[in-house]
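The values are calculated or read from the model by the stated rules, or taken from the named source; none is laboratory data. Please read all numbers here as calculations on a predicted model, not as lab measurements. Here the Cβ positions follow ideal geometry from the backbone for every residue, glycine too, while neighbour counts run over all protein chains shown. Heads up: the accessible areas ignore ligands, DNA and RNA and are worked out on the full protein's heavy atoms, side chains in. Shrake-Rupley method; radii C 1.70, N 1.55, O 1.52, S 1.80 Å.
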Amino acid sequence: MIRNILFDLGGVLIDLDPQRSIEAFKRLLSASGEASPVSTLDLLGAGESQLVEQYQTGAITSDDFFGSIQRLCRPGTTRQELVEAWRAMLLSLPERRLAKIRQLKAKGYHIYILSNINEDHVEWTLEHFRQWGITVGIDIDQVFFSNEIHIAKPDVRCYEYVIRTTGIQPTETIYIDDLQQNIAAGKEVGFVTLQALGDEWLGEIDKLLQ
């Protein structure tokens with residue numbers, strides 16, 4: 001019997017457009033046509049950027065992260081410009097998804113979030129949770145952010161940490177993520193998995209809960 005739903009955040013609940021951040025960084029670079037310091041895959045936590053990896057596992061601070069990028073940018077680039085570029089990929093949590101979370105919660109399912117994220121995006125997320133009327137501990141039982149637990153998906157230790165901390169049983173848990181490598185790792189620890197492709201999961205999850 002399914003008792004728990006473990007959600008990824010970006011790309012599942014919150015819409016993402018990493019290319020918006022790529023383009024924003026390009027406009028801040030010191031030399032016209034210079035390569036962006038991060039790629040689309042890096043922004044999703046699935047590329048080869050050591051800087052992004054360090055940031056999303058909490059190995060470096062926001063000051064370290066933005067300072068490293070600032071050195072690549074045109075003179076006079078401000079911290080606020082960098083923050084706005086970094087956040088440009090973050091869009092919104094559509095009402096239909098929020099309604100689904102609340103519907104599942106009302107039916108008695110435990111709701112958790114496990115996200116590859118970073119200090120600045122956590123700040124943005126928690127601020128927008130308040131705007132959207134989402135309360136951790138009520139609408140969502142618990143959140144796990146990679147920069148706070150110092151492990152990022154698809155490292156199976158992420159999932160083991162969630163299991164150990166919450167006491168949930170993997171076979172009683174649906175795990176929803178948009179990236180195949182994360183889904184594969186979730187299967188490895190025994191979760192019932194569902195890969196999110198747009199909004200298809202809104203209907204597919206009901207089938208798994210029948």
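Assorted remarks:
- Net lengthening on full extension, Arg102/Arg27 (0.36 nm per residue, minus Cα-Cα): 23.0 nm
- Count of Lys pairs (Cα-Cα under 17 Å; at least 8 positions apart or interchain) in the chain: 4
- Note on the chain: with neighbouring protein chains present and a 1.4 Å probe, carbon and sulfur make up 47 percent of its accessible heavy-atom surface.
- Accessible surface for Arg74 stands near 90 Å², nearest 10, in the context of the full protein assembly shown (1.4 Å probe).
- Extension gain (nm, one decimal) between Trp124 and Thr166, 0.36 nm per residue minus Cα-Cα: 12.6 nm
- Nitroxide proxy distance, nm - points 7 Å out along Cα→Cβ at Val83 and Asp199: 3.2 nm
- Evaluated over the chain, the Cα radius of gyration and Dmax, each in Å: 17.6, 58
- Relative pair counts by distance (%), Cα atoms of segment 105-210, 5 Å bins: 2, 11, 20, 24, 24, 15, 4, 0
- Dipole of segment 66-115 computed with +1 at Lys/Arg Cβ and -1 at Asp/Glu Cβ about the Cα centre; of Gln70, Ala88, Gln103, farthest Cα towards the positive end is Gln103.
- Computing FRET efficiency as 1/(1 + (r/R0)^6) for Leu208 and Arg74, where r is the C-beta to C-beta distance and R0 is 35 Å, gives about 0.10.
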